[in-house]
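Notes to accompany the following structure.
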Amino acid sequence: MPKFIFVTGGVLSSLGKGILVSSLARLLKGHLSSLGKGILVSSLARLLKGHGVNASAMKIDPYLNCDAGTLNPFEHGEVFVTNDGFECDLDVGNYERFLDIFVRSEQNFMMGSVYKTIVEEERRGGFLGKTVQLIPHATNEIKRRIRLAAGVTGCDVLFVEIGGTVGDIESEIVLEAARQMKFDGKHGDVVFVHLALVPRIITGEQKTKPFQHSVKALLSRGITPDILVARSDEMVSEAAKEKISLQCNVRKEDVFCSPSLKNIYALPLVLQEQGIHLNIAAKMGLKLKKKDLKQWTALVKKMDALAEKGRKVSVGVVGKYATMKDTYMSIFEAIRHAGLANGVCAEGVLIDSDDIESKKTDLNGFDALLVPGGFGSRGVEGKITAIRFAREKKKPLLGICYGFQLSVIEFARNVLGWKDADTTENNSRTRHPVIDILPEQKTVKEKGGTMRLGAQKTLVKPGTLAHKMYGANEIWKRHRHRYEVNPDAIGELEKAGLVFSGRSGDGRKMEILELPGQCFIGSQYHPEFDSRLGRPEPMFNALVKAALKRV
Ligand code: GLN
(Lines give C-alpha, C1' and ligand atoms only; values in the text may rest on other atoms or scores of the structure.)
Protein backbone atom coordinates (compact mmCIF):
# COMPACT_ATOMS: atom_id res chain seq x y z
CA MET A 1 0.00 0.00 0.00
CA PRO A 2 1.36 3.40 -0.88
CA LYS A 3 1.88 5.99 1.81
CA PHE A 4 0.95 9.63 1.63
CA ILE A 5 2.62 12.85 2.63
CA PHE A 6 0.31 15.83 2.59
CA VAL A 7 1.90 19.21 2.22
CA THR A 8 -0.05 22.25 3.33
CA GLY A 9 0.83 25.92 3.32
CA GLY A 10 0.27 28.77 5.75
CA VAL A 11 0.35 32.57 5.99
CA LEU A 12 0.49 33.22 2.26
CA SER A 13 0.70 31.46 -1.06
CA SER A 14 3.61 31.41 -3.52
CA LEU A 15 5.99 30.32 -0.79
CA GLY A 16 7.34 27.59 -2.98
CA LYS A 17 5.26 24.65 -1.87
CA GLY A 18 5.57 23.16 -5.33
CA ILE A 19 9.33 23.39 -5.23
CA LEU A 20 9.35 21.98 -1.71
CA VAL A 21 7.22 19.02 -2.75
CA SER A 22 9.39 18.41 -5.81
CA SER A 23 12.53 18.68 -3.72
CA LEU A 24 11.34 16.38 -0.98
CA ALA A 25 10.18 13.84 -3.51
CA ARG A 26 13.52 14.17 -5.32
CA LEU A 27 15.35 13.65 -2.07
CA LEU A 28 13.36 10.56 -1.18
CA LYS A 29 13.69 9.21 -4.69
CA GLY A 30 17.41 9.20 -4.08
CA HIS A 31 17.05 7.40 -0.75
CA LEU A 32 14.04 5.13 -0.78
CA SER A 33 14.11 1.45 -1.36
CA SER A 34 11.07 -0.42 -2.58
CA LEU A 35 8.60 -1.26 0.12
CA GLY A 36 6.56 -4.08 -1.32
CA LYS A 37 6.64 -6.69 -4.01
CA GLY A 38 3.53 -5.55 -5.85
CA ILE A 39 4.82 -2.04 -5.88
CA LEU A 40 8.25 -3.28 -6.92
CA VAL A 41 6.72 -4.94 -9.97
CA SER A 42 4.81 -1.82 -10.93
CA SER A 43 7.89 0.29 -10.30
CA LEU A 44 10.04 -1.96 -12.42
CA ALA A 45 7.51 -1.78 -15.21
CA ARG A 46 7.57 1.94 -14.99
CA LEU A 47 11.34 1.95 -14.82
CA LEU A 48 11.48 -0.07 -18.01
CA LYS A 49 9.41 2.58 -19.62
CA GLY A 50 11.90 5.10 -18.42
CA HIS A 51 9.42 6.59 -15.98
CA GLY A 52 9.94 4.55 -12.82
CA VAL A 53 10.17 6.28 -9.47
CA ASN A 54 9.36 5.35 -5.90
CA ALA A 55 8.30 8.74 -4.70
CA SER A 56 5.90 10.70 -6.79
CA ALA A 57 3.78 13.79 -6.35
CA MET A 58 0.36 15.17 -7.08
CA LYS A 59 -1.36 18.50 -6.64
CA ILE A 60 -4.91 19.31 -5.60
CA ASP A 61 -6.11 22.77 -6.52
CA PRO A 62 -9.12 23.85 -4.48
CA TYR A 63 -10.47 26.23 -7.16
CA LEU A 64 -13.87 25.63 -8.69
CA ASN A 65 -12.30 25.38 -12.15
CA CYS A 66 -12.13 21.94 -13.68
CA ASP A 67 -8.56 22.33 -14.89
CA ALA A 68 -5.95 25.04 -15.42
CA GLY A 69 -6.67 25.36 -19.12
CA THR A 70 -9.09 28.23 -18.68
CA LEU A 71 -7.02 30.14 -16.13
CA ASN A 72 -5.33 33.39 -17.02
CA PRO A 73 -1.59 32.67 -17.25
CA PHE A 74 -0.84 36.17 -16.04
CA GLU A 75 -2.49 35.46 -12.70
CA HIS A 76 -1.76 31.77 -12.35
CA GLY A 77 1.34 31.22 -14.39
CA GLU A 78 1.96 28.73 -17.12
CA VAL A 79 -0.52 26.06 -18.08
CA PHE A 80 1.48 22.85 -18.11
CA VAL A 81 0.32 19.98 -20.32
CA THR A 82 0.80 16.32 -19.43
CA ASN A 83 1.66 13.77 -22.09
CA ASP A 84 -1.86 12.39 -21.78
CA GLY A 85 -3.28 15.81 -22.55
CA PHE A 86 -4.33 17.32 -19.23
CA GLU A 87 -3.94 21.08 -18.79
CA CYS A 88 -2.58 21.52 -15.33
CA ASP A 89 -0.94 23.62 -12.71
CA LEU A 90 2.64 24.74 -13.28
CA ASP A 91 3.84 22.83 -10.22
CA VAL A 92 3.35 19.68 -12.24
CA GLY A 93 6.17 20.96 -14.45
CA ASN A 94 8.36 21.06 -11.36
CA TYR A 95 7.44 17.49 -10.47
CA GLU A 96 8.48 16.45 -13.96
CA ARG A 97 11.74 18.35 -13.89
CA PHE A 98 12.76 17.40 -10.36
CA LEU A 99 11.76 13.77 -10.53
CA ASP A 100 12.54 13.28 -14.23
CA ILE A 101 9.16 11.67 -14.76
CA PHE A 102 6.18 12.15 -17.00
CA VAL A 103 3.24 13.08 -14.83
CA ARG A 104 -0.18 11.62 -15.62
CA SER A 105 -3.43 13.50 -15.67
CA GLU A 106 -4.52 11.77 -12.45
CA GLN A 107 -1.75 13.62 -10.59
CA ASN A 108 -3.50 16.98 -10.68
CA PHE A 109 -7.09 17.90 -10.18
CA MET A 110 -9.13 20.96 -9.40
CA MET A 111 -12.14 20.87 -7.12
CA GLY A 112 -14.48 21.94 -9.91
CA SER A 113 -14.00 18.54 -11.49
CA VAL A 114 -14.72 16.80 -8.19
CA TYR A 115 -18.00 18.66 -7.76
CA LYS A 116 -18.84 18.05 -11.42
CA THR A 117 -18.40 14.29 -10.96
CA ILE A 118 -20.63 14.32 -7.89
CA VAL A 119 -23.37 16.45 -9.44
CA GLU A 120 -23.38 14.35 -12.61
CA GLU A 121 -23.66 11.22 -10.51
CA GLU A 122 -26.57 12.78 -8.63
CA ARG A 123 -28.31 13.59 -11.91
CA ARG A 124 -27.81 10.01 -13.07
CA GLY A 125 -29.58 8.89 -9.93
CA GLY A 126 -26.47 7.41 -8.36
CA PHE A 127 -27.37 8.65 -4.89
CA LEU A 128 -31.12 8.05 -5.08
CA GLY A 129 -32.73 8.67 -1.73
CA LYS A 130 -29.63 10.15 -0.20
CA THR A 131 -28.76 13.73 0.61
CA VAL A 132 -25.56 14.56 -1.24
CA GLN A 133 -23.07 16.23 1.07
CA LEU A 134 -19.52 17.51 1.15
CA ILE A 135 -18.88 14.89 3.81
CA PRO A 136 -18.85 12.05 2.80
CA HIS A 137 -19.48 12.48 -0.91
CA ALA A 138 -16.89 15.12 -1.80
CA THR A 139 -14.36 13.77 0.68
CA ASN A 140 -14.80 10.23 -0.65
CA GLU A 141 -14.28 11.42 -4.21
CA ILE A 142 -11.14 13.32 -3.18
CA LYS A 143 -9.76 10.29 -1.36
CA ARG A 144 -10.58 8.06 -4.32
CA ARG A 145 -8.65 10.34 -6.63
CA ILE A 146 -5.64 10.52 -4.33
CA ARG A 147 -5.47 6.73 -4.15
CA LEU A 148 -5.98 6.52 -7.89
CA ALA A 149 -3.01 8.83 -8.47
CA ALA A 150 -0.86 6.67 -6.22
CA GLY A 151 -2.08 3.62 -8.11
CA VAL A 152 -1.36 4.89 -11.61
CA THR A 153 2.12 6.09 -10.68
CA GLY A 154 2.91 2.83 -8.90
CA CYS A 155 4.77 4.80 -6.27
CA ASP A 156 5.51 3.85 -2.69
CA VAL A 157 5.09 7.34 -1.37
CA LEU A 158 2.89 9.98 -2.89
CA PHE A 159 3.30 13.60 -1.94
CA VAL A 160 -0.03 15.37 -2.06
CA GLU A 161 0.31 19.09 -2.39
CA ILE A 162 -2.79 20.98 -1.30
CA GLY A 163 -2.98 24.28 -3.16
CA GLY A 164 -3.68 27.53 -1.40
CA THR A 165 -3.33 28.35 2.26
CA VAL A 166 -4.86 26.73 5.33
CA GLY A 167 -7.91 28.78 6.19
CA ASP A 168 -9.07 29.32 2.60
CA ILE A 169 -12.74 28.42 2.41
CA GLU A 170 -12.23 26.47 -0.79
CA SER A 171 -9.62 24.15 0.63
CA GLU A 172 -11.55 23.18 3.77
CA ILE A 173 -12.97 20.05 2.20
CA VAL A 174 -9.60 18.97 0.84
CA LEU A 175 -8.07 19.30 4.30
CA GLU A 176 -10.99 17.33 5.71
CA ALA A 177 -10.34 14.52 3.21
CA ALA A 178 -6.65 14.58 4.15
CA ARG A 179 -7.55 14.44 7.84
CA GLN A 180 -9.76 11.43 7.18
CA MET A 181 -6.99 9.66 5.29
CA LYS A 182 -4.75 9.85 8.34
CA PHE A 183 -7.62 8.58 10.46
CA ASP A 184 -8.40 5.76 7.98
CA GLY A 185 -4.81 4.59 7.70
CA LYS A 186 -2.34 2.80 9.91
CA HIS A 187 0.20 4.69 11.98
CA GLY A 188 2.85 6.12 9.66
CA ASP A 189 0.77 5.78 6.50
CA VAL A 190 0.03 9.46 6.35
CA VAL A 191 2.30 12.30 7.34
CA PHE A 192 1.58 16.01 7.32
CA VAL A 193 4.22 18.53 6.35
CA HIS A 194 3.28 22.16 6.84
CA LEU A 195 5.16 24.98 5.19
CA ALA A 196 4.67 28.56 6.29
CA LEU A 197 6.43 31.86 6.15
CA VAL A 198 8.80 33.22 8.77
CA PRO A 199 9.22 36.84 7.75
CA ARG A 200 12.07 39.08 8.79
CA ILE A 201 11.08 42.52 9.98
CA ILE A 202 13.00 45.74 9.67
CA THR A 203 14.98 45.14 12.89
CA GLY A 204 16.32 41.97 11.30
CA GLU A 205 14.34 39.72 13.62
CA GLN A 206 12.68 36.58 12.27
CA LYS A 207 9.05 36.56 13.39
CA THR A 208 7.32 33.25 14.03
CA LYS A 209 3.85 34.47 15.03
CA PRO A 210 2.21 34.08 11.60
CA PHE A 211 3.66 30.57 11.48
CA GLN A 212 2.14 29.76 14.86
CA HIS A 213 -1.24 31.05 13.75
CA SER A 214 -1.20 28.99 10.59
CA VAL A 215 -0.43 25.84 12.60
CA LYS A 216 -3.31 26.70 14.95
CA ALA A 217 -5.54 26.94 11.89
CA LEU A 218 -4.41 23.48 10.88
CA LEU A 219 -4.97 22.10 14.39
CA SER A 220 -8.47 23.51 14.45
CA ARG A 221 -9.19 21.35 11.40
CA GLY A 222 -8.12 18.25 13.26
CA ILE A 223 -4.74 18.01 11.61
CA THR A 224 -1.59 17.82 13.69
CA PRO A 225 1.41 18.48 11.50
CA ASP A 226 4.27 16.01 11.81
CA ILE A 227 6.91 18.17 10.22
CA LEU A 228 7.14 21.93 9.95
CA VAL A 229 9.09 23.80 7.34
CA ALA A 230 9.81 27.47 7.81
CA ARG A 231 10.02 29.39 4.58
CA SER A 232 12.37 32.30 5.06
CA ASP A 233 14.83 34.50 3.25
CA GLU A 234 17.72 32.86 5.10
CA MET A 235 18.03 29.83 7.36
CA VAL A 236 15.92 30.41 10.46
CA SER A 237 17.72 30.84 13.74
CA GLU A 238 17.76 28.15 16.41
CA ALA A 239 15.79 30.54 18.62
CA ALA A 240 13.07 30.85 15.99
CA LYS A 241 12.94 27.08 15.61
CA GLU A 242 12.61 26.66 19.37
CA LYS A 243 9.73 29.12 19.46
CA ILE A 244 7.96 27.37 16.62
CA SER A 245 8.51 24.02 18.27
CA LEU A 246 7.16 25.10 21.65
CA GLN A 247 4.17 26.99 20.34
CA CYS A 248 3.18 24.49 17.68
CA ASN A 249 3.65 21.33 19.70
CA VAL A 250 6.14 19.82 17.26
CA ARG A 251 9.57 18.65 18.40
CA LYS A 252 12.40 20.98 17.45
CA GLU A 253 14.10 18.20 15.46
CA ASP A 254 11.05 18.20 13.22
CA VAL A 255 11.27 21.88 12.39
CA PHE A 256 13.16 22.53 9.15
CA CYS A 257 13.87 25.44 6.91
CA SER A 258 13.41 26.20 3.25
CA PRO A 259 15.46 29.32 2.63
CA SER A 260 15.33 31.47 -0.49
CA LEU A 261 17.80 30.12 -3.00
CA LYS A 262 19.21 31.56 -6.19
CA ASN A 263 19.02 28.13 -7.74
CA ILE A 264 15.83 26.18 -6.99
CA TYR A 265 17.51 22.91 -7.94
CA ALA A 266 19.69 23.28 -4.85
CA LEU A 267 16.73 22.79 -2.49
CA PRO A 268 16.86 18.97 -2.37
CA LEU A 269 20.46 19.32 -1.27
CA VAL A 270 19.73 22.01 1.31
CA LEU A 271 16.98 19.78 2.73
CA GLN A 272 19.25 16.75 2.64
CA GLU A 273 21.82 18.60 4.71
CA GLN A 274 19.17 19.21 7.35
CA GLY A 275 18.25 15.52 7.35
CA ILE A 276 14.53 15.95 6.70
CA HIS A 277 14.39 12.68 4.77
CA LEU A 278 15.61 10.79 7.82
CA ASN A 279 12.78 12.17 9.93
CA ILE A 280 10.17 11.42 7.26
CA ALA A 281 11.53 7.90 6.88
CA ALA A 282 11.46 7.33 10.64
CA LYS A 283 7.87 8.54 10.91
CA MET A 284 6.67 6.42 8.01
CA GLY A 285 8.76 3.33 8.60
CA LEU A 286 10.54 3.65 5.27
CA LYS A 287 13.82 1.88 4.63
CA LEU A 288 16.40 4.20 3.16
CA LYS A 289 19.05 2.97 0.80
CA LYS A 290 22.49 4.47 1.03
CA LYS A 291 22.26 6.38 -2.16
CA ASP A 292 23.14 9.97 -2.59
CA LEU A 293 22.20 12.59 -5.12
CA LYS A 294 25.65 12.55 -6.72
CA GLN A 295 24.66 13.44 -10.24
CA TRP A 296 22.14 16.02 -9.10
CA THR A 297 24.72 17.60 -6.78
CA ALA A 298 27.25 17.81 -9.60
CA LEU A 299 24.75 19.49 -11.91
CA VAL A 300 23.71 22.01 -9.26
CA LYS A 301 27.35 22.80 -8.44
CA LYS A 302 28.16 23.31 -12.10
CA MET A 303 25.11 25.53 -12.52
CA ASP A 304 26.12 27.66 -9.54
CA ALA A 305 29.70 27.93 -10.78
CA LEU A 306 28.51 29.00 -14.23
CA ALA A 307 26.20 31.59 -12.71
CA GLU A 308 29.20 32.98 -10.79
CA LYS A 309 31.68 33.27 -13.57
CA GLY A 310 30.51 31.53 -16.71
CA ARG A 311 29.88 33.02 -20.12
CA LYS A 312 26.43 34.55 -20.23
CA VAL A 313 23.89 33.92 -22.94
CA SER A 314 20.75 36.00 -22.83
CA VAL A 315 17.66 34.82 -24.64
CA GLY A 316 15.00 37.46 -25.17
CA VAL A 317 11.59 35.89 -24.57
CA VAL A 318 9.01 38.01 -26.37
CA GLY A 319 5.88 37.71 -24.29
CA LYS A 320 2.70 39.60 -23.79
CA TYR A 321 2.69 38.90 -20.07
CA ALA A 322 5.96 40.64 -19.59
CA THR A 323 5.88 41.21 -15.86
CA MET A 324 5.16 37.64 -14.92
CA LYS A 325 7.98 35.19 -15.48
CA ASP A 326 5.89 32.28 -14.20
CA THR A 327 3.75 32.57 -17.32
CA TYR A 328 6.66 31.05 -19.22
CA MET A 329 8.15 28.96 -16.41
CA SER A 330 9.07 25.86 -18.39
CA ILE A 331 10.65 28.00 -21.10
CA PHE A 332 12.91 29.76 -18.61
CA GLU A 333 13.90 26.44 -17.07
CA ALA A 334 14.55 24.90 -20.49
CA ILE A 335 16.85 27.81 -21.37
CA ARG A 336 18.79 27.23 -18.12
CA HIS A 337 19.08 23.50 -18.80
CA ALA A 338 20.39 24.17 -22.31
CA GLY A 339 22.92 26.64 -20.93
CA LEU A 340 24.16 24.11 -18.39
CA ALA A 341 24.60 21.45 -21.09
CA ASN A 342 26.66 23.91 -23.13
CA GLY A 343 28.80 25.06 -20.22
CA VAL A 344 27.35 28.57 -20.05
CA CYS A 345 24.90 30.47 -17.94
CA ALA A 346 21.89 30.95 -20.22
CA GLU A 347 19.04 33.05 -18.92
CA GLY A 348 15.74 34.08 -20.41
CA VAL A 349 14.95 37.78 -20.28
CA LEU A 350 11.32 38.77 -20.66
CA ILE A 351 10.60 41.34 -23.33
CA ASP A 352 7.20 42.97 -23.52
CA SER A 353 6.12 42.68 -27.15
CA ASP A 354 4.50 46.11 -26.87
CA ASP A 355 7.94 47.56 -26.15
CA ILE A 356 9.17 46.14 -29.44
CA GLU A 357 6.38 47.84 -31.32
CA SER A 358 7.15 51.14 -29.63
CA LYS A 359 10.91 50.53 -30.17
CA LYS A 360 11.65 50.73 -26.44
CA THR A 361 13.58 47.48 -26.57
CA ASP A 362 16.74 47.03 -28.62
CA LEU A 363 16.73 43.46 -29.86
CA ASN A 364 20.46 43.67 -30.67
CA GLY A 365 21.09 43.32 -26.95
CA PHE A 366 20.10 39.63 -26.90
CA ASP A 367 22.10 36.62 -28.04
CA ALA A 368 18.98 34.81 -29.20
CA LEU A 369 15.25 35.35 -29.34
CA LEU A 370 12.34 33.13 -28.41
CA VAL A 371 8.69 33.74 -29.25
CA PRO A 372 6.54 31.60 -26.94
CA GLY A 373 2.96 30.32 -27.16
CA GLY A 374 -0.03 32.57 -26.82
CA PHE A 375 -3.54 33.42 -27.87
CA GLY A 376 -5.34 36.39 -29.39
CA SER A 377 -4.21 39.54 -31.10
CA ARG A 378 -2.60 41.58 -28.33
CA GLY A 379 1.16 41.77 -28.69
CA VAL A 380 1.20 39.93 -32.00
CA GLU A 381 2.73 42.69 -34.13
CA GLY A 382 5.65 43.14 -31.73
CA LYS A 383 6.28 39.41 -31.88
CA ILE A 384 6.23 39.47 -35.68
CA THR A 385 8.68 42.40 -35.66
CA ALA A 386 11.01 40.35 -33.45
CA ILE A 387 10.74 37.37 -35.80
CA ARG A 388 11.51 39.54 -38.83
CA PHE A 389 14.51 41.01 -37.03
CA ALA A 390 15.80 37.50 -36.22
CA ARG A 391 15.31 36.26 -39.79
CA GLU A 392 16.95 39.26 -41.43
CA LYS A 393 19.81 39.68 -38.94
CA LYS A 394 20.27 35.91 -38.62
CA LYS A 395 19.80 36.15 -34.86
CA PRO A 396 19.03 32.65 -33.51
CA LEU A 397 15.28 32.28 -33.04
CA LEU A 398 12.98 29.66 -31.61
CA GLY A 399 9.24 30.04 -32.15
CA ILE A 400 7.00 27.87 -30.02
CA CYS A 401 3.36 27.15 -30.87
CA TYR A 402 1.99 30.65 -31.46
CA GLY A 403 5.59 31.69 -32.07
CA PHE A 404 5.82 28.98 -34.73
CA GLN A 405 2.58 30.17 -36.34
CA LEU A 406 3.71 33.81 -36.25
CA SER A 407 7.01 32.82 -37.90
CA VAL A 408 4.99 31.42 -40.79
CA ILE A 409 2.95 34.64 -40.94
CA GLU A 410 6.09 36.80 -40.90
CA PHE A 411 7.62 34.73 -43.70
CA ALA A 412 4.43 34.93 -45.79
CA ARG A 413 4.17 38.68 -45.29
CA ASN A 414 7.77 39.68 -45.85
CA VAL A 415 9.24 36.99 -48.09
CA LEU A 416 6.22 35.96 -50.16
CA GLY A 417 4.91 39.52 -50.07
CA TRP A 418 1.44 38.50 -48.84
CA LYS A 419 1.06 41.66 -46.78
CA ASP A 420 -2.23 40.66 -45.18
CA ALA A 421 -1.12 37.12 -44.29
CA ASP A 422 -2.56 36.25 -40.91
CA THR A 423 -4.10 33.66 -38.65
CA THR A 424 -7.87 33.31 -38.75
CA GLU A 425 -7.68 33.39 -34.94
CA ASN A 426 -7.24 37.17 -35.29
CA ASN A 427 -8.43 37.99 -38.80
CA SER A 428 -11.10 35.81 -40.35
CA ARG A 429 -11.29 37.91 -43.48
CA THR A 430 -7.68 37.88 -44.63
CA ARG A 431 -7.03 36.79 -48.22
CA HIS A 432 -4.02 34.86 -46.99
CA PRO A 433 -5.08 32.76 -44.00
CA VAL A 434 -1.71 31.00 -43.69
CA ILE A 435 -2.69 29.84 -40.22
CA ASP A 436 -6.17 28.40 -39.97
CA ILE A 437 -8.33 26.46 -37.57
CA LEU A 438 -7.73 22.70 -37.38
CA PRO A 439 -10.58 20.90 -39.22
CA GLU A 440 -11.47 18.91 -36.10
CA GLN A 441 -11.73 22.17 -34.11
CA LYS A 442 -14.36 23.75 -36.35
CA THR A 443 -17.29 22.24 -34.50
CA VAL A 444 -15.85 22.67 -31.02
CA LYS A 445 -17.97 24.98 -28.86
CA GLU A 446 -16.76 24.47 -25.29
CA LYS A 447 -13.50 26.13 -24.27
CA GLY A 448 -12.32 23.80 -21.49
CA GLY A 449 -10.06 20.88 -22.41
CA THR A 450 -11.00 20.95 -26.09
CA MET A 451 -7.77 21.97 -27.84
CA ARG A 452 -5.46 19.54 -29.61
CA LEU A 453 -3.74 18.40 -26.44
CA GLY A 454 -0.95 16.19 -25.22
CA ALA A 455 1.76 14.13 -26.85
CA GLN A 456 1.36 13.57 -30.60
CA LYS A 457 3.63 11.91 -33.09
CA THR A 458 5.90 14.06 -35.26
CA LEU A 459 7.83 12.60 -38.19
CA VAL A 460 11.17 14.33 -38.64
CA LYS A 461 12.52 14.79 -42.16
CA PRO A 462 15.96 13.29 -42.73
CA GLY A 463 18.65 15.70 -43.86
CA THR A 464 17.21 18.67 -41.97
CA LEU A 465 18.50 20.61 -38.97
CA ALA A 466 15.61 19.16 -36.94
CA HIS A 467 16.73 15.63 -37.80
CA LYS A 468 20.26 16.46 -36.76
CA MET A 469 18.98 17.96 -33.51
CA TYR A 470 16.73 15.08 -32.54
CA GLY A 471 18.70 12.26 -34.16
CA ALA A 472 15.42 10.44 -34.74
CA ASN A 473 12.81 9.95 -37.44
CA GLU A 474 9.95 10.05 -34.99
CA ILE A 475 9.38 12.07 -31.83
CA TRP A 476 6.41 12.49 -29.50
CA LYS A 477 5.79 16.02 -28.26
CA ARG A 478 3.11 17.85 -26.31
CA HIS A 479 0.61 20.11 -27.97
CA ARG A 480 -1.93 22.72 -26.96
CA HIS A 481 -3.48 24.55 -29.89
CA ARG A 482 -6.52 24.99 -32.13
CA TYR A 483 -4.83 26.42 -35.24
CA GLU A 484 -2.30 25.05 -37.71
CA VAL A 485 -0.40 25.93 -40.88
CA ASN A 486 -3.02 26.08 -43.61
CA PRO A 487 -2.41 23.06 -45.88
CA ASP A 488 -3.25 25.26 -48.91
CA ALA A 489 -0.33 27.58 -48.16
CA ILE A 490 2.36 24.94 -47.61
CA GLY A 491 3.37 24.64 -51.28
CA GLU A 492 4.05 28.37 -51.74
CA LEU A 493 5.81 28.70 -48.40
CA GLU A 494 8.13 25.83 -49.23
CA LYS A 495 8.83 27.11 -52.72
CA ALA A 496 9.95 30.39 -51.16
CA GLY A 497 12.45 28.53 -48.97
CA LEU A 498 10.71 27.73 -45.69
CA VAL A 499 11.39 24.12 -44.72
CA PHE A 500 8.83 22.10 -42.79
CA SER A 501 11.13 19.55 -41.25
CA GLY A 502 8.56 17.89 -39.02
CA ARG A 503 5.02 16.77 -39.78
CA SER A 504 2.31 14.99 -37.85
CA GLY A 505 2.01 11.22 -38.18
CA ASP A 506 -0.61 11.58 -40.94
CA GLY A 507 1.63 14.08 -42.75
CA ARG A 508 -1.08 16.71 -42.67
CA LYS A 509 -0.08 19.07 -39.89
CA MET A 510 3.17 21.04 -39.95
CA GLU A 511 5.08 20.51 -36.72
CA ILE A 512 8.61 21.91 -37.15
CA LEU A 513 9.93 24.68 -39.37
CA GLU A 514 13.42 25.91 -40.17
CA LEU A 515 15.27 28.17 -42.55
CA PRO A 516 18.45 26.69 -44.02
CA GLY A 517 21.70 28.46 -43.22
CA GLN A 518 20.66 29.97 -39.89
CA CYS A 519 19.10 29.02 -36.58
CA PHE A 520 15.56 30.03 -37.41
CA ILE A 521 13.53 27.20 -35.93
CA GLY A 522 10.06 26.68 -34.59
CA SER A 523 7.68 23.99 -33.44
CA GLN A 524 3.93 23.71 -33.26
CA TYR A 525 4.43 21.59 -30.13
CA HIS A 526 5.85 22.73 -26.79
CA PRO A 527 9.43 21.46 -26.47
CA GLU A 528 9.90 23.27 -23.14
CA PHE A 529 7.84 20.68 -21.25
CA ASP A 530 10.36 17.95 -22.03
CA SER A 531 13.51 19.71 -20.89
CA ARG A 532 15.37 18.31 -17.88
CA LEU A 533 18.32 19.29 -15.77
CA GLY A 534 21.21 17.48 -17.44
CA ARG A 535 19.11 16.60 -20.49
CA PRO A 536 18.10 19.72 -22.43
CA GLU A 537 15.41 19.57 -25.07
CA PRO A 538 17.11 19.56 -28.52
CA MET A 539 15.37 22.74 -29.77
CA PHE A 540 16.64 24.73 -26.79
CA ASN A 541 20.03 23.10 -27.05
CA ALA A 542 20.27 24.18 -30.71
CA LEU A 543 19.18 27.72 -29.84
CA VAL A 544 21.80 28.15 -27.12
CA LYS A 545 24.51 26.52 -29.27
CA ALA A 546 23.73 28.90 -32.12
CA ALA A 547 23.69 31.87 -29.73
CA LEU A 548 27.09 30.83 -28.38
CA LYS A 549 28.62 30.92 -31.81
CA ARG A 550 27.71 34.57 -31.94
CA VAL A 551 28.59 35.68 -28.41
N1 GLN B 1 -3.37 30.44 -30.40
C2 GLN B 1 -2.72 29.40 -31.13
C3 GLN B 1 -3.61 28.19 -31.35
O4 GLN B 1 -4.59 28.02 -30.67
C5 GLN B 1 -1.44 28.96 -30.43
C6 GLN B 1 -1.68 28.30 -29.13
C7 GLN B 1 -0.46 28.26 -28.26
O8 GLN B 1 0.51 28.97 -28.48
N9 GLN B 1 -0.48 27.43 -27.22
O10 GLN B 1 -3.34 27.41 -32.24
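The values are calculated or read from the model by the stated rules, or taken from the named source; none is laboratory data. From a predicted model like this one, the values you see are computed outputs, not experimental measurements. So basically every Cβ, Gly included, is an ideal-geometry build from the backbone, and we count neighbours across all protein chains shown. Note: areas computed on protein heavy atoms with side chains; ligands, DNA, RNA excluded. Shrake-Rupley method; radii C 1.70, N 1.55, O 1.52, S 1.80 Å.
General observations
- If the condition is being open to solvent by 20 Å² or more (accessible area, probe 1.4 Å) and either aliphatic (A, V, I, L, M) or farther than 16 Å from Lys59 by Cα (or both), then the stretch 130-165 contributes Lys130, Thr131, Val132, Gln133, Leu134, Ile135, Pro136, His137, Asn140, Leu148, Val152.
- Residue, nearest to Phe375 (Cα to Cα), within the stretch 448-458, restricted to residues that are without any contact (Cβ under 8 Å) to a residue 60 or more places away in the chain and surrounded by fewer than 19 Cβ atoms within 10 Å (Cβ to Cβ): Thr450
Matching residues to (1) within 12 Å of the ligand (Cβ to nearest atom); (2) not basic (Lys, Arg):
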site: Pro372; (1), (2): yes, yes
site: Lys383; (1), (2): yes, no
site: Glu410; (1), (2): no, yes
site: Arg413; (1), (2): no, no
site: Gly417; (1), (2): no, yes
site: Arg429; (1), (2): no, no
site: Pro433; (1), (2): no, yes
site: Ile437; (1), (2): yes, yes
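This table checks each residue for (1) crowded, with 23+ Cβ neighbours inside 10 Å; (2) within 31 Å of the chain's Cα centre (by Cα); (3) in contact (Cβ under 8 Å) with a residue 12 or more places away in the chain.
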| site | (1), (2), (3) |
| --- | --- |
| Ala412 | yes, no, yes |
| Trp418 | no, no, yes |
| Thr423 | yes, yes, yes |
| Glu440 | no, yes, yes |
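- Any chance Leu195 is part of a helix (DSSP H, G or I), open to solvent by less than 20 Å² (accessible area, probe 1.4 Å) and of a type in the set (A, V, I, L, M): no
- Taking the stretch 67-129 and the helices (runs of 4 or more DSSP H) fully enclosed by it, the elements with 3 or more residues that are among the acidic types (Asp, Glu) and open to solvent by 20 Å² or more (accessible area, probe 1.4 Å) are at 111-124.
- Of the criteria (1) assigned to a helix (DSSP H, G or I); (2) more than 16 Å from Ile512 (Cα to Cα), which one Asn427 fails: (1)
- Taken as a whole, the condition of being in a strand (DSSP E or B), out of contact with any strand residue (DSSP E or B) (no Cβ under 6 Å at 6 or more places or on another chain) and open to solvent by 30 Å² or more (accessible area, probe 1.4 Å) applies to Asp436.
- Taking the criterion of being more than 11 Å from the ligand (Cβ to nearest atom) and assigned to a loop (DSSP other than H, G, I, E, B), the residues of the stretch 385-408 that qualify are Lys394, Lys395, Pro396.
- Criterion (without any contact (Cβ under 8 Å) to a residue 24 or more places away in the chain, open to solvent by 30 Å² or more (accessible area, probe 1.4 Å) and not hydrophobic (A, V, I, L, M, F, W, C)) met by exactly one of Lys445, Lys394: Lys445
- The numbered conditions (1) without any contact (Cβ under 8 Å) to a residue 12 or more places away in the chain; (2) surrounded by 17 or more Cβ atoms within 10 Å (Cβ to Cβ) are all true for Ser358 except (2).
- Counted residues, the stretch 361-387 - those being among the aromatic types (Phe, Trp, Tyr) and open to solvent by 60 Å² or more (accessible area, probe 1.4 Å): 1
- Residues in the stretch 449-493 that are aromatic (Phe, Trp, Tyr) and modelled with pLDDT under 95: none.
- Test: residue in the stretch 183-192 that is closer than 19 Å to Leu12 by Cα, in contact with a strand residue (DSSP E or B) (Cβ under 7 Å, 6 or more places away or on another chain) and not in a helix (DSSP H, G or I): yes
- Some residue of the stretch 289-312 being surrounded by fewer than 17 Cβ atoms within 10 Å (Cβ to Cβ), in contact (Cβ under 8 Å) with a residue 40 or more places away in the chain and in contact with a Ser or Thr (Cβ under 7 Å, 6 or more places away or on another chain): yes
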